[in-house]
1. Can you tell me which residue in segment 61-95 is surrounded by the fewest Cβ atoms within 10 Å (Cβ to Cβ), limited to those that are in a loop (DSSP other than H, G, I, E, B) and touching a strand residue (DSSP E or B) at 6+ places or on another chain (Cβ under 7 Å)?
2. Taking the options T114, T119, name whichever one is crowded, with 20+ Cβ neighbours inside 10 Å and either of a type in the set (S, T, N, Q) or within 19 Å of C42 (Cα to Cα) (or both).
3. Of these, K161, K145, which one is in contact (Cβ under 8 Å) with a residue 24 or more places away in the chain, surrounded by 15 or more Cβ atoms within 10 Å (Cβ to Cβ) and in a helix (DSSP H, G or I)?
4. Exactly one condition in (1) free of Cβ contacts under 8 Å to residues at least 60 places away in the same chain; (2) in contact with a helix residue (DSSP H, G or I) (Cβ under 7 Å, 6 or more places away or on another chain) is not met by G235; state its number.
5. Mind listing whichever residues of segment 164-179 are among the hydrophobic types (A, V, I, L, M, F, W, C), in contact with a strand residue (DSSP E or B) (Cβ under 9 Å, 6 or more places away or on another chain) and free of Cβ contacts under 8 Å to residues at least 60 places away in the same chain?
6. Restricting to segment 203-215, name every residue that is at pLDDT 95 or above and surrounded by 18 or more Cβ atoms within 10 Å (Cβ to Cβ).
7. Looking at segment 36-58, which of its residues are crowded, with 17+ Cβ neighbours inside 10 Å and more than 18 Å from N9 (Cβ to Cβ)?
8. Sort out which residues of segment 124-175 are of a type in the set (F, W, Y) and in contact with a Lys or Arg (Cβ under 7 Å, 6 or more places away or on another chain), and write them in order of number.
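The values are calculated or read from the model by the stated rules, or taken from the named source; none is laboratory data. Note that the coordinates shown come from a computational prediction; the quantities given were computed from them, not determined experimentally. With ideal geometry, Cβ positions are generated from the backbone for all residues, glycine too; neighbour counts draw on all protein chains shown.
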Amino acid sequence: MRKNIVAGNWKMNTTLDEGVELANDINTLLKGKKVNCDVIICVPFTHLTSVNAVIEPELIGLGAENCSEHDKGAYTGEVSASMVKSTGATHVILGHSERRQYFGENNEQLLAKTHQALTNGLKPIFCVGEVLEERENGTYNDVVKSQVEALFSLTPEEFSKIVIAYEPVWAIGTGKTATAEQAEDMHAHIRKVVEEKYGNEIAENTSILYGGSCKPSNAKEIFSKPNVDGGLIGGAALQADSFMGIIEAFD
């Protein structure tokens, strides 16, 4: 059976001291609680080692927000998957809409990053999603399908290690809202695309997270949908209490 997952994406937020405090607060809140999902926090590169020292791996998984498509070499400012792994991290976000939009990451590059992550024992949280123009012109299913298909050179064993996160980019910070039904429709579509390539078993075991504006107030409704297996959480992951409110939406 696929796992329920709530993953926090801190983006470019928190100083090192603030990040360590936040991670420690989340860890403290999780102690002694039975929660019905895996919890992961994906933090800036600068925080990984220090955060790893204050969280308990049986309570919280640790992830990076990106990695290089290169193994090593003269790539000033880049961080390789092996470097990420050496900090104690277990996961890495790849293909986030902000990376695609602001840094021009394309499908070929993201496949290379995925190979690097898998080779180094990291589990990719691979993001897909459409922008407003694509939602409004009706091409959104095709757009997301093509993003998922960028991984289809992976072997079934490799693909089985992927977590997919669906981001309705048009509903993030725009004032527009994706309904739980719209989320479910796209998650079901993604699962069908995976099934057509890798078969029912892998499709049914692939966790697909919702990466829209998920908050404690709407998480329960979104997570109740049969094809939604959790969330990739932005702003609400920067406060321990609100992050816990989303985690506890899985009852």
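1. The residue in question is G88.
2. Exactly one of T114, T119 is crowded, with 20+ Cβ neighbours inside 10 Å and either of a type in the set (S, T, N, Q) or within 19 Å of C42 (Cα to Cα) (or both), namely T114.
3. K145
4. Unmet for G235, out of (1) free of Cβ contacts under 8 Å to residues at least 60 places away in the same chain; (2) in contact with a helix residue (DSSP H, G or I) (Cβ under 7 Å, 6 or more places away or on another chain): (2).
5. Result: I164, A178.
6. A203, T206, S207, I208, L209, Y210
7. V54
8. Listed by number, the residues that qualify are F152, W170.
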